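The values are calculated or read from the model by the stated rules, or taken from the named source; none is laboratory data. Keep in mind that what you see is a predicted model, and the values were worked out from it rather than measured. Using ideal geometry, Cβ is built from the backbone for each residue, glycine included, and neighbour counts are taken over all protein chains shown. Only protein heavy atoms, including side chains, enter the accessible area calculation; ligands, DNA and RNA are left aside. Shrake-Rupley method; radii C 1.70, N 1.55, O 1.52, S 1.80 Å.
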Amino acid sequence: MKVMNMKKTSLFILLVAFHSGMYAQESVLWYNQPAKDWHEALPVGNGRLGAMVFGGYAGETIQLNEESLWAGSKIEADADAASRLPEIQQLLLDGDIGRALELSEKYLRSDPMRVRSYQSFGELKIDFMDATAPKATNYRRELNLETGVASVAYELDNTRYTREVFVSAPDNILVLRMASDGPDKLTFRLSYVREQDATAYPASENELEIRGQIVDLPMPESSEGGLHMKFAGRIRGVNRGGRLTVTNNAFFVENADEVLFFLTAATDYNFEKLDFDRSIAPSSICKNILDKPDAGDYAGIKDRHVREHSALMRRMSFTLGTDDRSGLPVDERLQRVKDGATDLPLIALYFQYGRYLLVNSSRAPGLLPANLQGIWCKDMQAAWSSDFHTNINIQMNYWPAEVCNLSETVLPFSRLINALRTPGRITAKKTYNSAGWTMNHLTDPFGRTAICDGVGWGTFPIASSWLVLHQWEHYLFTGDAAYLRNEAYPCMKEAAEFILGFLVEDKNGYLVTAPSNSPENTYLLDGQRFNFTYAATIDVEIITELFRACIRAGKLLKQDDAFRRQLENTLKKLPPVRISKRYNTIQEWIEDYEEAEPGHRHVSHLFGLHPGTMITPSTPVLFEGAKKTLERRLSNGGGHTGWSRAWVINFYARLLDGKNAGEHVQALLAKSTLNNLFDTHPPFQIDGNFGGTAGIAEMLLQSHNGELHLLPALPPDWQSGKITGLCARGGWVVDLQWENGTLVSAHIFSKNGGKCKIRYKEQTKTVSIKAGEKYVCLMQ
């Protein structure tokens, strides 16, 4: 490994110079027909507003979302179970699971047990002509990942028509431009519709105003019905040529050459209160956004949008393989993969698409993190309410954020974690009789931290400990000491305080969690299936990661010496991660129970392998056990959902098994990917996209083990490639190029300065790199 030190005074200048040759990569999803349904439409967004563009020519549909538009209301649902918890815990420790569950169903049930759903804002419907009109020719529908613009172009009656849609973060609006290459060719009706709870009406000679309020009807085990969140929208139309009229819920345009529409939306949700707030006037917010002096300057708005969006996307480039498949539509390429073909450039495009989805569902001007569907949801009652699931799903959403050079996308997630501390303290004290804060397996914008959906299923008080590890990761990647001191560590410490108060001693003298479960999975005991247990393996692994992180953070911040000693002593009393004597796999539960579903979608007992750091080649017994665990899970049908398959990719990457990791990337595309490249559970669930993107990054660079491991799990058929802009813990930015399956060069940039151990295969080298400097490693 030949290493050259190349100093630069500015990391930014260095990155710009290196990335100037990136444009050979694919950055466009394109199709030669309109979307048949929502799952073929193309997503645009700005973190707060989202839209799905269908691209029809006889008629168009643009489905809309605003991130905070949720049914339901804020409510304290926690079970008052603290006084009964010791009895439940003792029953679990004694192995009387049935009786423990019986008491838990009586005393741990929250009221209500369910949250309500994230909802669609509505749709823009554009009607051009009778459905029997001639078919358009030279049709092309596309989404440009670099510019964040969805566009449609086609010819009809010797006229070329074009449309483009984008959602600007700088200007906080959705923009729709419609044009033709001939005069007087645009005649259509654009109307706003929503299934329920909203109306639109003329606000001026060129504006529609939308007003709505969610009406929640009574629903078993959900929050009480009533008139809840208020919302509003505003659409402004500007025509060149012809005539534009506003009537009822629509614009009617006749004989125009070009038409622009500017749309924004808002609710009366107040993040600071985790509740709607009647002092907020969403209609005024919308009017103020559209009344900005440059709000009608299309060229300026688009320029600001493209510059801002492309700056985020261009932090990375990725080319894989040597074949150029860009001349084929994405749906045709995907079908070929489903039929058994390999399309390496499509994998690179899928990777960048995952980054695109994260950029557009989790950043300012948005406040909330990406939910189960990012921000794109067509329903009034979505699958799993499109909520924030905290037993794997929201965590997986953010796996690619740091390594894929989109660190700021984590901030909405971190803010929500911080906000959940307040209701989480009530849950900790009232239900679990502990200090600190906690939550269970899901939440919503109203801050639900109580047990939801069912006692056996929903009791997951380890969730807060898992969530705060993302805040620790943000520090590890950025080195932002102020963030660690002011936001991350307080959340981490309080989550650890909950664990210290929640642990109880079992018959073997170990400190264990009780109650506990291994997310959504069940075991067999005396012919019955149970979720409920104590000290599920995932709990031990998460607590170990949390306590180690708190100890390191406390040392870095030079505080809490006594607290650190308490954590160190408690770590020694946790039960070990065990190997099953029956299967030589990692045991999922404290006892070596038989699994009810050996091919279950969750593989929670491998948390220590990924995203945790407990299981590595330096722990060979556990490392081998993890391999066998994965083999057993998959041989029994595991990995069958999109997000589960994505997790498998990350597992194999950490197992340094490029062959299997590559095969599961192929399987993710072939079995769990829709034509618009959305992941499907089924149905659509965005965590699989994010987990897949993270897994690809993990195959090319790992930094969890105290070193930069270059190409740790390169599949044998990924013979050549180049990736720039990958990030690593410690503030490193890494560019890699390989040919014939062998690393050719690695450019390593330092943001913060420090020592860097570099590994490629069996070669290692430790170097010191100053902040702003670059090392170039040339392989010989």
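Taking every pair of alpha-carbon atoms in the range 439-534, give the share separated by more than 16 Å as a whole percent. Intermediate results must be reported in sequence, preceding the final value.
Working: 2968 of 4560 pairs.
Of all Cα-Cα pairs in the range 439-534, 65 percent lie more than 16 Å apart.
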Residues in the range 754-770 near a label at Thr742, defined as backbone nitrogen under 20 Å from the 7 Å Cα→Cβ point?
759-765
Students often forget the sequence filter, so: which lysines lie under 21 Å Cα-Cα from Lys292 once same-chain residues fewer than 8 apart are removed?
Lys302
Length added when fully stretched, Val238-Glu254, from 0.36 nm per residue minus Cα-Cα:
4.5 nm
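Cβ neighbours within 10 Å, averaged per peptide: list 755-768, 378-391 in order, most packed at the top.
Values: 755-768: 14.4, 378-391: 21.1.
Order by mean packing, descending: 378-391, 755-768.
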Assuming 0.36 nm per residue, please report the length gained on full extension of the stretch Asn206 to Asp37 beyond their Cα-Cα distance.
57.8 nm
Evaluate 2.2 N^0.38 Å with N set to the residue count of the range 561-670, then give the Cα radius of gyration divided by it.
1.17
Give the Debye-formula value of log10 I(q)/I(0) at each listed q (0.12, 0.20 Å⁻¹), with one equal scatterer per alpha carbon of the range 319-423, two decimals each.
-0.54, -1.05
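Per residue, how large is the accessible surface of the range 112-246? Use a 1.4 angstrom probe and give square angstrom. Display every interim value, and only then the final one.
On the way: 5670 Å² over 135 residues.
For the range 112-246, the per-residue accessible area is 42 Å².
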May I ask you to order 201-213, 221-233 by the average number of other C-beta atoms within 10 Å around their residues, highest value first?
221-233, 201-213
Can you pull the Rg over Rh of the range 131-266, Cα-only, Kirkwood?
1.06
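Kindly state, to the nearest 0.05, the FRET efficiency for Ser310 paired with Asn418, given R0 = 25 Å and r defined as their beta-carbon distance.
Working: r = 31 Å, r/R0 = 1.22.
Once rounded, the FRET efficiency stands at 0.25.
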Taking N as the residue count of the range 641-695, its alpha carbon Rg divided by 2.2 N^0.38 Å gives 1.01
Rounded FRET efficiency, nearest 0.05, which uses the C-beta distance separating Ala771 from Asn138 and R0 of 60 Å:
0.70
Just tell me which lysines come within less than 19 Å, Cα to Cα, of Lys287; anything on the same chain fewer than 8 places away is out.
Lys230
To make sure I understand the rule: partners must be aspartates and glutamates, Cα under 13 Å from the Cα of Lys761, and not fewer than 8 residues away in the same chain. Which ones qualify?
Asp657, Glu707
With all protein chains present, the chain has a carbon and sulfur share of its accessible area (1.4 Å probe) in percent of 48
Can you give the FRET efficiency for Glu505 and Gln213, using 1/(1 + (r/R0)^6), R0 = 51 Å, r = Cβ-Cβ distance, to the nearest 0.05?
0.45
Starting from one equal scatterer on each C-alpha and no solvent at all, send me the Debye-based log10 I(q)/I(0) for the range 676-780 at q = 0.15, 0.20 Å⁻¹, two decimals.
-0.65, -1.00
In the range 613-707, if every C-alpha pair distance is counted and binned at 10 Å from zero, what percent goes to each bin?
17, 47, 29, 6, 0
Mean ellipticity per residue at 222 nm, deg cm²/dmol - from DSSP H runs of n ≥ 4 across the chain, formula -39500 (n - 2.57)
-9500 deg cm²/dmol
Along principal axes, largest first, the alpha-carbon spread of the range 525-572 in whole Å comes out as 53, 15, 12
How large is Rg/Rh for the range 597-656, to two decimals, with Cα atoms and a Kirkwood Rh?
0.94
Going by average Cβ neighbours within 10 Å, how do the peptides 152-160, 166-174 rank, with the highest at the top?
166-174, 152-160
Sorted from largest down, what three extents in whole angstroms do the Cα atoms of the range 694-744 have along their principal axes?
30, 17, 16
Output the direction-averaged projected area (hull surface divided by four) of the convex hull of the alpha-carbon atoms of the range 728-780, in nm².
3.5
When the charge dipole of the range 290-379 is computed with +1 at the Cβ of Lys and Arg and -1 at the Cβ of Asp and Glu, the Cα pointing farthest to the positive end, of Leu346, Met313, Leu367, is that of Leu367
Considering only the other residues whose Cβ falls under 9 Å of the Cβ of Ile210, what net charge follows from Lys and Arg at +1 and Asp and Glu at -1?
+2
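Given C-alpha coordinates of the chain, what is the ratio Rg to Rh with the Kirkwood estimate of Rh?
Details: Rg = 26.6 Å, Rh = 27.3 Å.
With Rh from the inverse mean 1/r over Cα pairs, Rg/Rh is 0.97.
Subtracting the Cα-Cα distance from 0.36 nm times the residue separation, let me have the gained length for Met380 to Ser618 in nm, one decimal. Spell out each step's value before the answer.
Details: separation 238, 0.36 × 238 = 85.68 nm, distance 4.93 nm.
Computed gain between Met380 and Ser618 is 80.7 nm.
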Please state the equivalent ellipsoid semi-axes for the range 54-145: what are the square roots of 5 times the Cα gyration tensor eigenvalues, largest first, in whole Å?
56, 16, 11
Percent of all Cα-Cα pairs per 5 Å bin for the range 377-443, counting from 0 up to the last occupied bin, reads 4, 15, 19, 19, 19, 14, 7, 2, 0
